[in-house]
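Okay, so here's the structure we're looking at.
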Amino acid sequence: MIQLVRPTEPESLTRFRARWTTRWTDSLRDGSRIDWATPSAKRILRGLLLALSRGKCAFCEGILRLTSSDEIEHYHAKTVRPELVFDWPNLFPACGICNRSKGDLDHQGRLLKPDTENPELLLWLNPDTGELQPHPALDAEPEQARRVKETIEAYGLQRGALCAQRIEMMDEVNRWLRRIDNQADISQECREEWEKLIHPSRTLKFVIRHVLTLGGQPQLAEIDRQRFRGQV
Ligand SMILES: [Zn+2]
């Protein structure tokens, strides 16, 4: 999970938000079992949300439409806070696994919210298991550490396949770091690998930045952040 920069509410959502929300809140009130959004509303939202995360799940960073279906995650569940069902800051792009894992959990705002706080300051990576855990700096902030653990559990971020992918990515970045360390002049091949690593659509940015930083290259992690934000 990394920080996402959310643009202001798109006009295409502003125009229909009230009507779409009423459709959902009315259906909850009268018990009619309709989907929370029409296919056309979902189509509009999906396009907007995929741009927000560069095509990845906002939580596990899996590439959507490639490894998993893309779904729309409501930070506050649409049954818990139905009035927020089309509230722009409440919507995230997510894979089906993360979305269904969290389900209708009523977390009262305790879960990490990657558009308003920086997960890189809150999460840490276990280098042996690929598991996420609270950042060591949170030892002095048990309430924040609890939020991190609850988020990891809610979205199922310790699932085995995900931990294995994180280990693979750690190995890939560490191999790259060793190669540039041994070269007086960076080879073309190394440059090409670097471009692939920092491509904004690449999966597991959290892992890439974490390994670069711990590997003594925090400035490269910063380049990756800027590239993701479209600043360089
Ligand atoms: Zn996911």
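The values are calculated or read from the model by the stated rules, or taken from the named source; none is laboratory data. Everything numeric here is computed off the predicted structure, so don't read it as measured data. Positions of Cβ are generated from backbone atoms using ideal geometry, with glycine treated the same way; all protein chains shown enter the neighbour counts.
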Out of all the residues in the range 16-58, which are within 16 Å of the ligand (Cβ to nearest atom) and hydrophobic (A, V, I, L, M, F, W, C)?
-> 49, 50, 52, 57, 58
Restricting to helices (runs of 4 or more DSSP H) lying wholly in the range 113-232: which have 3 or more residues that are on the phi < 0 side of the Ramachandran plot, in contact with a Leu (Cβ under 8 Å, 6 or more places away or on another chain) and surrounded by 17 or more Cβ atoms within 10 Å (Cβ to Cβ)?
-> 142-154, 160-181, 205-214, 218-228
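Residue by residue, here is whether (1) outside any helix (DSSP H, G or I); (2) buried (at least 18 other Cβ atoms within 10 Å of the Cβ) holds:
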position	(1), (2)
61	yes, yes
77	yes, yes
80	yes, no
93	yes, yes
100	no, no
So which residues in the range 102-112 are touching a residue at least 12 places away in the same chain (Cβ under 8 Å) and either surrounded by fewer than 19 Cβ atoms within 10 Å (Cβ to Cβ) or of a type in the set (Val, Ile, Thr) (or both), if there are any at all?
-> 103, 104, 105, 106, 107, 109, 110
Take the range 59-86 and flag every residue that is more than 9 Å from the ligand (Cβ to nearest atom) and closer than 18 Å to residue 5 by Cβ.
-> 75
Picking from 84, 64, 123, the residue that is at pLDDT below 95 and either among the acidic types (Asp, Glu) or in contact with a strand residue (DSSP E or B) (Cβ under 8 Å, 6 or more places away or on another chain) (or both) would be 64
